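Coordinate-derived values only; no laboratory data. These numbers were taken from a predicted model, which means no experiment stands behind them. Cβ placement follows ideal geometry from the backbone for every residue including glycine, while neighbour counts extend to all protein chains displayed.
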Amino acid sequence: MSTEPTHAKVVIDGMSMHWAELASTSETPAAPPLVLLHGIMDSHLTWSTVAPLLATDRRVLMPDLFGCGLSDRPNTSYALEWHAQMIARWLEELSLAEADIVGHSFGGGVAQMLLLACPERVRRIALVASGGLGRGVGFWLRLAAFPKAVEYFGQPFMSFGTRRTIGGSRQSSSAGDVDALSAMNAERGTARAFSRTVRDVIRFGGQTRLFSHRAGEISVFPPIRVFWGDRDHLIPIAHGRAFVASTEGVELEVFEGCGHFLHQERPEAFVEALRAFLDAADVPAARLRASVAPRIAPDRARLIAQVARRVQERLRDTRARLFAR
């Protein structure tokens, strides 16, 4: 059977979402479908090495988030919750009643939000160098969060930026994959999508959308495992260690000598570790430790955030009026 993926699209609210897919090479696949979610400014291509290794006994699906890859780039918020809702709608369109979810970087944050958007469809979650587990983040992503600079002026530089950042970090990627990703990110609307996605989850001080902020709203957790490279300079492994310390039943798989794209740097070892988690007969569900449960009720936390945003908006309006005089 061919290891080349098939490609398909589905229309959600008038927007076209693309995904690549590998059918199981087994005639009688027993494992649940596997959904692989990529990170910011990335695409289904990030999984091109590991997907064939995972498709020996399961269906593997690799969607392009809106604003990325071969999916549409609508003029919308690109908020983390919106991305999760779109993936939930995509799962519904494909009639995937239950799937294992793997999320890399920003895709890990989307995977976490699926526990609010469609928890009944999530069997197990693997978080790979995931966002949303701590404040710290690489300098260039914090810089990209500056108000609308990338959105308004960044599009001509998206292809070059792709080669310098993602292409430079993914040393095991083929030149063809880097060229293809650079061409995708050169598409009109990519800078807007990238900028709005970043600004929703990151400020110059670090990440703002954290798992701990919404964890109290999740009634039942699935089994969760965390995978991280110990030389990750984009999102530090300390976030993974802190998450494991705060959550019962979660283990951290450390890949020595690997950076942010560990699934590309050591694909065979990554697949072996991921399979051990996904295929295990008895894995405990994750559970928040009582000592670190959220101290602010979720509704109150959202209200505080809304008030803070309104205050910031009024301050901006006041400054604009003053400078206009």
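With a Förster radius of 45 Å, plug the Cβ-Cβ distance of Leu143 and Ala30 into 1/(1 + (r/R0)^6) and report the FRET value to the nearest 0.05.
Working: r = 46 Å, r/R0 = 1.03.
Here the calculated transfer efficiency is 0.45.
Pop a pseudo-label 7 angstrom from the Cα along the beta-carbon direction at both Thr76 and Arg241 and give the gap in nm to one decimal.
Those two pseudo-labels are separated by 3.9 nm.
Would you please name the trypsin sites (Lys or Arg not before Pro) within segment 103-203 that are DSSP coil residues with at most 11 other C-beta atoms within 10 Å of their C-beta?
Filter output for segment 103-203: Arg188.
Kirkwood hydrodynamic radius, computed over distinct alpha-carbon pairs, for segment 1-144: how many Å, to one decimal?
Averaging 1/r across every pair of different Cα atoms and inverting gives 15.4 Å.
I want to make sure I understand the PRE zone here: with the label point 7 angstrom from the Cα of Asp57 toward its beta carbon, which residues in segment 263-290 have backbone N atoms less than 15 Å away?
271-283
Using a 7 Å offset from the Cα along the Cα-to-Cβ direction at both Ser16 and Ala280, what is the distance between the two label points in nm, to one decimal?
Distance between label points: 4.2 nm.
Extending each Cα 7 Å along its Cβ direction at Ser219 and His7, get the distance between those two points in nm, one decimal.
4.1
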